[in-house]
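Remarks on the structure that follows.
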Amino acid sequence: MRSHEKAGMLISRRVAVAGAGALATVVTLGGGVESCSGSSPSSGGGSHSSGGAAGTHELAKTSDIAVGGATIFPEWSVVVTQPTSGQFNAYSARCTHEGCLLNSVAAGTINCPCHGSRFTIADGSVAHGPARRPLNPVTITVRGESIILG
């Protein structure tokens, strides 16, 4: 093989490897949301079942989510809030600014460690930028005392 042919094969291999890596990132992050390396997820206090279709993952018990508070479930990239007693909302735990994993809840907001965006517990709206869009809603179902993803 000539040297320029070898170089062409190397480029093709590099392109293939890069493409496979990009595909793995899209699959891992659920649709290509970028993750900042500075995020450190907070542990959520809930439980979940393994495997199965949407609607089968128990995130938490209703008593695990404080009234006026929220719990982040980093393994599902979901945050569940209870702005008023008995009202449960769920949002993507990915910041709408650059996709960093939200990592803390304090003083009525869900917080991003990367650039300081904060979102309200009440409705996921932006309380402080640089994010400009609210958190994306996630479907949950409350069955008895269980909060189910889906």
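Less than 5 angstrom separates the built amide H of Ala60 from those of Ser47, Ile147, all sequence-distant by 5 or more or on a different chain. Among 116-123, 133-140, 88-95, 69-76, sorting by the average number of other beta carbon atoms lying within 10 angstrom of each residue, highest first, gives 88-95, 69-76, 116-123, 133-140.
Grab the other residues whose beta carbon is less than 14 angstrom from that of Arg143, score K and R as +1, D and E as -1, and report the net.
Numbers: positive: Lys61; negative: Glu58, Glu145.
Computed value for this residue: -1.
No value in this document is a laboratory result; all are computed from the given coordinates. The shown structure was predicted, so the numbers you read here are calculated from the model rather than taken from an experiment. Neighbour counts are summed over all protein chains in view; Cβ atoms, including those assigned to glycine, are modelled from backbone coordinates with ideal geometry.
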